[in-house]
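Read through the structure below, which is laid out as structure tokens, and then see the notes.
The values are calculated or read from the model by the stated rules, or taken from the named source; none is laboratory data. From a predicted model like this one, the values you see are computed outputs, not experimental measurements. Positions of Cβ are generated from backbone atoms using ideal geometry, with glycine treated the same way; all protein chains shown enter the neighbour counts. Heads up: the accessible areas ignore ligands, DNA and RNA and are worked out on the full protein's heavy atoms, side chains in. Shrake-Rupley method; radii C 1.70, N 1.55, O 1.52, S 1.80 Å.
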Amino acid sequence: MDNEKLLKQFKLLAEILKQPSDTKSEEILTKLRIVIYEKLPNAFHQGAPLEYPELITDLQGLYEQFRNFVMYDKLIGKNVVALGGGFSCGKSSFLNAINGESALPTDIDPSTAVPTFIVNGEKHKAVGVNIFDAKIPIELQDFRSICHGFGELRGEDGELVSEPVMLGHVLKSVFLMSPKQTYNSLVFVDTPGFSKADSDAYSAKTDEIISRSQLDSSSYNLFFVQADAGTLKNEDIQFIQSLRKDIPKLFIVSKADVKSEQELENIVAHIKSQLLKNGIAHIDVLRFSSTKPTSYDSKAIHEILKQWNKNPEAPKFARNFKKLFIRCRSYFEDAIEVERRRLEKLNQSLTKMEGEDAEVLGSLRLLVKEGQDKVQELKKSYETLKNLKDEFFGELKHICDQIGIDMPEPSEIEMVEDVPNPLEILRNYKKT
């Protein structure tokens, strides 16, 4: 057994698990984190919409994305392009071949286990953020071990002594600067595969949540479909349908070199038909091969990326947070209206039955009392939600002022403008 290798890996693990020495970033996030992880869940453990656990999960996912901006300021003022797709669908290969040459150091690939952000920089440099919100400089030679698992040891006879350990549960994010990622205003983030992998170590729920939060918090989505698969799986379609509709989506048929031109035409036509049939808006379906990075539709892909690179958008966190609060508020407004109508009918029945059977009247009065209590409970929850929303956006603005981002709470009118223009959709469809 290689004791020197074992000692080096123990030192690496100790470095990854260290507590933060600079607590400034952690401190400015504390109040916001308490609202999302403590106050909101505690306030609505009863009398909440059925989808409330999902709403809380979405809020927490958005918070983790916002935390990335606070922890790594090089993301500020850039458009995030999230890469999605199943396992081994060509996302990492695409990132390494995007400019016809490796965007990353030799023998280093982005992780499929830890969300990896790739930004333009003067030299190759990696930084990780662990579960304690400590920023950790990562040596490039350690990058593969951290992202793809480390700790594999073999005895002198070659027999496996120790299985590799994955660190996705220890590292929240990895940020990698590369001078060969030449889109200055874009940040590419490689997300975990959202369809089941052929591995006992696969954690479907965790990876799906991580992937969804990254895709829903980005400016643009790239989805990869392997050419040898030839189609989108039903579970992939369901996953894509569950994502935010307002984020532009470009689909890429990866590993195009494994199919003939005619087969590729049929695959692209089939995927377009699937997307249309399932109501999934998309920019296009294009072909790419990492082994032939200048062939197929690489020129068209670069033209789209150039357009995305021209117009950096302000971060959409406030808008996305507001949407989730509005969804929850709508539940209480609807529930209060339902109970109000129910009470109205009960009171009408009481009036009509005045002087009738006392037992029946007593039951009706009991139902009225239960309805009144329910309305009061819903109104109390509604008011709590409103107060927490105000506290949340006040704290969000306070944080953004400190890190130099203009992110006020969007108005209701601004939220209405998020609704797509049907005429514009039809015009674009006709053009396509």
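Which order do you get for Ile425, Ile118, Ile283 if you rank them by accessible area with a 1.4 Å probe, largest at the top?
Details: Ile425 95, Ile118 5, Ile283 75 Å².
Most to least solvent-accessible, the answer reads Ile425, Ile283, Ile118.
Using unit Cβ charges (K, R positive; D, E negative) and no other charged atoms, how large, in debye to the nearest 20, is the dipole of segment 318-379 about its Cα centre?
740
Top to bottom by accessible area (1.4 Å), largest first, where do Ser381, Ser290 land?
If we order Ser381, Ser290 from most to least accessible, we get Ser290, Ser381.
Pop out the ³J(HN,Hα) list for segment 30-37 in order, Karplus 6.51 cos²θ - 1.76 cosθ + 1.60 with θ = phi - 60°, rounded to Hz; leave Gly and Pro as x.
4, 5, 5, 5, 5, 4, 6, 8
What are the ³J(HN,Hα) couplings of segment 285-302, residue after residue, when phi is run through the Karplus curve with 6.51, -1.76, 1.60 and θ = phi - 60°? Round to Hz, x for glycine and proline.
Values per residue, Gly and Pro as x: 10, 10, 10, 8, 9, 5, 7, 10, x, 9, 9, 6, 9, 4, 4, 5, 5, 5 Hz.
Picking from Ser363, Leu350, Asn320, whose Cα lies most toward the positive end of the charge dipole for segment 313-363 (charges on Cβ: Lys, Arg +1; Asp, Glu -1)?
Selected residue: Asn320.
Which pairs break 30 Å Cα to Cα here: Lys306/Lys430; Lys172/Lys249; Lys245/Lys431; Lys18/Lys233?
Lys18/Lys233
Which whole-number value in Å² is the accessible area per residue of segment 201-353, probe 1.4 Å?
That works out to 50 Å² for each residue.
Give me, ordered by chain and number, the residues 5 or more places off Gly85 or on other chains with an amide H under 5 Å from its own placed amide H.
Sorted by chain and number, the residues that satisfy this are Phe194, Phe224.
Rounded, prolate or oblate: which one fits segment 225-326, using the alpha carbon gyration tensor with axes a ≥ b ≥ c (rounded when a/c is under 1.5, else prolate when a/b beats b/c, else oblate)?
Numbers: a/c = 2.85, a/b = 1.47, b/c = 1.93.
Oblate shape, in that a/c is at least 1.5 and b/c is the bigger or equal ratio.
For Leu232, list long-range residues whose amide hydrogen, built 1.01 Å from N in the peptide plane, is under 5 Å from its own amide hydrogen.
none
Could you tell me which of rounded, prolate or oblate describes segment 257-374, using a ≥ b ≥ c as the square roots of the eigenvalues of the alpha-carbon gyration tensor, with rounded for a/c under 1.5 and, failing that, prolate when a/b is larger than b/c and oblate otherwise? Mind dumping the intermediate values first?
Values: a/c = 6.76, a/b = 3.09, b/c = 2.19.
Since a/c reaches 1.5 and a/b is larger than b/c, the shape of segment 257-374 is classed as prolate.
Sort Thr384, Thr351, Thr191 from largest to smallest accessible area, using a 1.4 Å probe on the heavy atoms of the protein chains.
Thr351, Thr384, Thr191
Which residues' amide hydrogens lie under 5 Å from the amide hydrogen of Val119, considering only partners 5 or more residues apart or on another chain, with H built in the peptide plane?
For Val119, whose amide H was placed from the backbone, the distant partners under 5 Å are Leu176, Met177, Ser178.
Using a 1.4 Å probe on the protein heavy atoms, what percent of the accessible area of segment 255-322 belongs to carbon and sulfur?
Answer for segment 255-322: carbon and sulfur cover 49 percent of the accessible area.
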